[in-house]
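I have placed the structure first, in the form of structure tokens, so that the comments after it can refer back to it.
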Protein chains: 2
Amino acid sequence: MKDFHGTKVTLEEVAQAAGVSRATASRVLTSDPRVSPDARRAVERAASKLGYVPNQAGRALATGRSDAVALVVFEPTTLLFGDPFFPRLIRGLGDVLTSRDMQLILLAPQTASDADRVERYVAAGHVDGALLVSLPSAHPLPARLASRGIPVVIGGRPTEADRFNHVDVDNVAGSARAVAHLVAGGRRTIATVTGRKDVPAGQDRLRGYQEGLKAAGLPADDALIEAGDFTRDGGARAMRFLLVKRPQLDAVFVASDLMAVGVLEALHQAGRRVPEDVAVVGYDDDPMAIGLQPPLSSVRQPIEEMGREMARLLLDAVHSPDRPPRKVLLTTRLEVRFSSAPVASKPTGEAV
Amino acid sequence: MKDFHGTKVTLEEVAQAAGVSRATASRVLTSDPRVSPDARRAVERAASKLGYVPNQAGRALATGRSDAVALVVFEPTTLLFGDPFFPRLIRGLGDVLTSRDMQLILLAPQTASDADRVERYVAAGHVDGALLVSLPSAHPLPARLASRGIPVVIGGRPTEADRFNHVDVDNVAGSARAVAHLVAGGRRTIATVTGRKDVPAGQDRLRGYQEGLKAAGLPADDALIEAGDFTRDGGARAMRFLLVKRPQLDAVFVASDLMAVGVLEALHQAGRRVPEDVAVVGYDDDPMAIGLQPPLSSVRQPIEEMGREMARLLLDAVHSPDRPPRKVLLTTRLEVRFSSAPVASKPTGEAV
DNA sequence: AGACGTCGTGAGAGCGCTCTCGGTGAGAGC
DNA sequence: GCTCTCACCGAGAGCGCTCTCACGACGTCT
């Protein structure tokens with residue numbers, strides 16, 4: 001069964017060993033049904049005896065496909081590896097890709113020249129299509145790839161939403177839901193620490209917050225909005241500003257759990273109790289949320305599902321290139337924990 | 001300059017547009033010096049005008065090389081993405097790979113069948129060689145790949161150390177150094193929380209601890225050794241056991257920073273002050289070490305350098321396949337912080 | 001002036017595979 | 001007994017590239 005050679009085995013040799021032509025051997029290996037059981041068995045035995053593995057380059061050249069897709073992540077590697085988002089996304093992608101025997105290739109361009117490399121890499125036919133995530137807004141790459149006829153799927157909301165396949169999480173609805181929950185818990189002065197305003201997720205979560213307030217009939221107040229940057233320290237800083245500007249606030253919606261850690265610290269330092277004085281809801285449902293003091297309520301995104309959906313969209317696009325771009329919107333779920341427990345004094349049932 | 005077509009451009013078309021033969025065009029693109037300036041210019045202009053990108057499959061088939069290497073990580077994706085080791089390793093690898101215009105392909109086999117996939121992937125010529133890290137001991141993959149004539153470099157200490165190229169960090173020396181530092185700080189009853197005994201790093205760090213004690217003339221005491229598992233909770237548990245078995249201990253050498261977090265928690269809960277009552281030194285110099293209470297002394301490994309060295313070894317092996325396996329041992333550095341400050345009462349200068 | 005590089009070039013083979021096309025033999029249908 | 005499927009198979013083209021080889025055009029040396 002095992003091979004003990006150092007030299008490459010070709011299909012020709014397998015065919016010879018099996019006593020058939022190269023064409024028949026190829027048919028067996030591509031599981032073409034038009035082969036007799038005898039021939040099939042002979043080829044399979046010869047292949048396994050010789051330790052044959054089809055040469056990827058030859059196959060790719062003949063078929064025009066590579067059976068691989070690229071996941072292009074526009075994020076510094078340090079962040080990439082710290083962020084629990086990616087293992088979940090990759091698991092989702094893997095679910096559908098491995099079932100179709102396709103490889104996932106991770107590319108993390110760090111610089112502008114890296115991005116050019118990625119374009120060349122993809123255009124060179126290394127992969128059959130590209131999945132793009134955390135794409136800076138108005139980045140030229142998707143249009144470039146599309147102009148080369150390469151299937152593309154974007155994770156998140158792209159700038160020109162209609163031109164490309166994309167799957168997004170409904171950040172607006174998720175955030176509005178979080179605010180509604182705070183309102184239902186008897187909170188009335190609800191602040192927010194936003195994400196970066198230059199990324200769609202940041203924008204959408206802010207919009208959701210505003211819509212949530214409006215839906216509850218609460219007044220908009222710009223002093224209740226403070227910009228964060230998706231970092232822990234940024235969250236702490238924003239929270240300190242909020243406490244100065246609006247000391248009477250009784251709840252905060254934070255656009256990411258990482259920032260929420262900073263928020264909790266700042267509240268603790270300021271002597272505010274959570275959730276008695278101030279309720280906090282985060283976003284992302286980071287695994288650490290459950291371990292925080294107090295355990296953090298958070299909006300959970302269906303990341304695995306997002307991965308699965310992205311992979312499906314891409315495979316469809318590879319298979320039928322002329323299909324118009326599609327958009328998939330996934331819904332979130334609010335994980336309620338102690339950090340947003342209702343105020344004890346005031347009755348809960350006022351709203352919702 | 002920009003292209004505006006959806007169809008693939010071939011070298012033939014570039015050659016035609018430039019008014020030269022395919023051979024000359026190819027020479028330009030492979031930067032063969034034997035081309036006249038005129039022809040070179042013409043080809044370059046035609047290529048950029050048509051947005052030409054060489055087809056990888058064609059090139060690979062003709063050259064037998066793919067200009068890519070695989071980084072095979074035997075680790076669950078969740079751990080992979082949580083571990084600060086990998087971004088540092090990848091940065092180091094990238095340093096030398098990108099300078100040679102080679103791609104890094106990340107493979108993270110999760111199951112036994114995934115490992116088979118990896119073997120096939122590599123054997124199919126997708127990559128010119130493989131870098132293997134956190135390889136379970138006695139895993140068959142390196143031998144399998146080697147028998148196929150595929151260059152391999154292992155990160156860490158492989159089971160059959162002499163058969164394969166590998167680069168390792170001197171865990172023994174690093175651990176011994178940490179113990180020496182504790183001794184120099186006036187500590188005399190030094191415990192250790194080990195890593196997993198089934199991985200080389202765990203074994204070596206324990207050995208370094210033992211050698212450090214012996215070098216200082218301190219007695220070996222098995223009750224001062226408690227097995228951890230490289231997790232935070234495992235560290236806390238091990239520390240609690242140690243406190244029961246040897247309440248008089250005045251220092252702990254912990255085989256990883258993550259476990260050290262648990263150790264610090266357990267010590268805090270037990271009412272021991274760090275470093276006044278118990279000094280602690282960790283391993284890995286995780287970025288969080290500096291943010292702990294108190295800031296954690298830790299053994300820093302030259303991970304980036306390890307990556308660079310691995311890449312160099314692999315490229316050498318790709319270039320000259322018959323070279324015998326080489327071994328590179330890298331040294332560590334001890335980052336001294338407050339968690340291992342010397343005891344105030346006893347004078348420091350007793351040893352070293 | 002002839003012999004001998006050197007330089008730039010094109011023709012063409014060949015890398016390992018898939019896939020179309022045409023052919024062969026066995027069985028079904030008349 | 002003849003044709004007509006139909007299942008199976010082999011020959012061979014061709015995917016896009018690199019690289020060897022041979023060749024013409026110069027320059028140089030004797």
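Here is a list: B:Pro37, B:Pro33, B:Pro87, B:Pro109. Which entry is in contact with a helix residue (DSSP H, G or I) (Cβ under 6 Å, 6 or more places away or on another chain) and free of Cβ contacts under 8 Å to residues at least 12 places away in the same chain? Can you show your working first?
Numbers: B:Pro37 fails: in contact with a helix residue (DSSP H, G or I) (Cβ under 6 Å, 6 or more places away or on another chain); B:Pro33 fails: in contact with a helix residue (DSSP H, G or I) (Cβ under 6 Å, 6 or more places away or on another chain); B:Pro109 fails: free of Cβ contacts under 8 Å to residues at least 12 places away in the same chain.
That would be B:Pro87, the only listed residue that is in contact with a helix residue (DSSP H, G or I) (Cβ under 6 Å, 6 or more places away or on another chain) and free of Cβ contacts under 8 Å to residues at least 12 places away in the same chain.
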**OP:** Filter segment B:292-305 down to residues that are in a helix (DSSP H, G or I) and open to solvent by 10 Å² or more (accessible area, probe 1.4 Å) and give me whichever is nearest to B:Ala173 (Cα to Cα).
**Re:** B:Glu305
Original post:
Within segment B:125-142, can one find any residue that is in a helix (DSSP H, G or I), closer than 30 Å to B:Glu13 by Cα and within 11 Å of chain A (Cβ to nearest Cβ)?
Top reply: no
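Evaluate the following for A:Ala60: is it near DNA strand D (Cβ under 9 Å from one of its atoms), out of contact with any Asp or Glu (no Cβ under 7 Å at 6 or more places or on another chain), touching a residue at least 40 places away in the same chain (Cβ under 8 Å) and of a type in the set (A, V, I, L, M, F, W, C)? First the steps, then the outcome.
On the way: near DNA strand D (Cβ under 9 Å from one of its atoms): yes; out of contact with any Asp or Glu (no Cβ under 7 Å at 6 or more places or on another chain): yes; touching a residue at least 40 places away in the same chain (Cβ under 8 Å): yes; of a type in the set (A, V, I, L, M, F, W, C): yes.
Criteria met by A:Ala60.
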Original post:
Considering segment A:119-140 alone, what residues qualify as being farther than 14 Å from A:Met310 by Cβ, hydrophobic (A, V, I, L, M, F, W, C) and under 19 Å from the mean Cα position of the chain (by Cα)?
Top reply: A:Ala138
Original post:
For segment B:38-61, does any single residue satisfy the condition of being more than 43 Å from the chain's Cα centre (by Cα), near DNA strand C (Cβ under 8 Å from one of its atoms) and not aromatic (Phe, Trp, Tyr)?
Top reply: yes
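Looking at segment B:99-110, which of the residues that are within 10 Å of chain A (Cβ to nearest Cβ) and open to solvent by 50 Å² or more (accessible area, probe 1.4 Å) is farthest from A:Leu93 (Cα to Cα)? Working first, answer last.
From segment B:99-110, those within 10 Å of chain A (Cβ to nearest Cβ) are B:101, B:103-108, B:110; that's our starting set.
Still in the running and open to solvent by 50 Å² or more (accessible area, probe 1.4 Å): B:101, B:110.
Numbers: B:Asp101: 28, B:Gln110: 14 Å.
Per the criteria, the residue is B:Asp101.
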**OP:** List the number of the failed condition for B:Val274; all other conditions in (1) in contact with a Ser or Thr (Cβ under 6 Å, 6 or more places away or on another chain); (2) surrounded by fewer than 17 Cβ atoms within 10 Å (Cβ to Cβ) hold.
**Re:** (2)
Original post:
What helices (runs of 4 or more DSSP H), lying completely within segment A:1-93, carry at least 3 residues that are buried (at least 21 other Cβ atoms within 10 Å of the Cβ) and at the interface with chain B (Cβ under 9 Å from one of its Cβ atoms)?
Top reply: A:56-63
**OP:** Check A:Ala289 against each of (1) touching a strand residue (DSSP E or B) at 6+ places or on another chain (Cβ under 6 Å); (2) open to solvent by 40 Å² or more (accessible area, probe 1.4 Å) and name the one condition it does not meet.
**Re:** (2)
**OP:** State yes or no: is B:Ala23 within 16 Å of DNA strand C (Cβ to nearest atom), hydrophobic (A, V, I, L, M, F, W, C) and within 32 Å of the chain's Cα centre (by Cα)?
**Re:** no
Subject >> Residue list for segment A:159-199, filter: assigned to a helix (DSSP H, G or I) and within 20 Å of the chain's Cα centre (by Cα) >> reply: A:Asn171, A:Val172, A:Ala173, A:Gly174, A:Ser175
Original post:
Listed residues B:Asp162, B:Asp116; which is more than 9 Å from chain A (Cβ to nearest Cβ), open to solvent by 10 Å² or more (accessible area, probe 1.4 Å), more than 29 Å from A:Gly82 (Cβ to Cβ) and free of Cβ contacts under 8 Å to residues at least 12 places away in the same chain?
Top reply: B:Asp116
Subject >> Failed item in (1) touching a Lys or Arg at 6+ places or on another chain (Cβ under 7 Å); (2) more than 15 Å from DNA strand D (Cβ to nearest atom), with B:Val53 passing the rest >> reply: (2)
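Condition check ((1) in contact with a helix residue (DSSP H, G or I) (Cβ under 8 Å, 6 or more places away or on another chain); (2) β-branched (Val, Ile, Thr); (3) closer than 19 Å to B:Gly195 by Cα) across all residues:
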site	(1), (2), (3)
B:Arg246	yes, no, no
B:Ala251	yes, no, yes
B:Ala260	yes, no, yes
B:Leu267	yes, no, yes
B:Val274	yes, yes, no
B:Gly282	yes, no, yes
B:Asp286	yes, no, yes
B:Ala289	yes, no, yes
B:Ser298	yes, no, yes
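Can A:Val96 be described as more than 9 Å from chain B (Cβ to nearest Cβ) and part of a strand (DSSP E or B)? So that I can check it myself, show each step before the final result.
Working: more than 9 Å from chain B (Cβ to nearest Cβ): yes; part of a strand (DSSP E or B): no.
So A:Val96 fails the test.
If you scan segment B:300-314, which residues turn out to be touching a Lys or Arg at 6+ places or on another chain (Cβ under 7 Å) and farther than 13 Å from B:His166 by Cα? First the steps, then the outcome.
So in segment B:300-314, the residues touching a Lys or Arg at 6+ places or on another chain (Cβ under 7 Å) come out as B:300, B:303-304, B:307, B:313.
Residues satisfying the conditions are B:Arg300, B:Ile303, B:Glu304.
Test of understanding: among A:Leu249, A:Leu213, A:Leu258, which residue is surrounded by 15 or more Cβ atoms within 10 Å (Cβ to Cβ) and not in a helix (DSSP H, G or I)? Outline the logic, then answer.
Numbers: A:Leu213 fails: not in a helix (DSSP H, G or I); A:Leu258 fails: not in a helix (DSSP H, G or I).
Going through A:Leu249, A:Leu213, A:Leu258 in turn, just one is surrounded by 15 or more Cβ atoms within 10 Å (Cβ to Cβ) and not in a helix (DSSP H, G or I): A:Leu249.
The values are calculated or read from the model by the stated rules, or taken from the named source; none is laboratory data. In this text the structure is predicted, and so the values were computed from the model without any measurement. A quick note on method: Cβ atoms are made from the backbone with ideal geometry, for glycine too, and the neighbour counts reach across all protein chains shown. All accessible areas refer to the heavy atoms of the entire protein, side chains included, with ligands and DNA or RNA removed. Shrake-Rupley method; radii C 1.70, N 1.55, O 1.52, S 1.80 Å.
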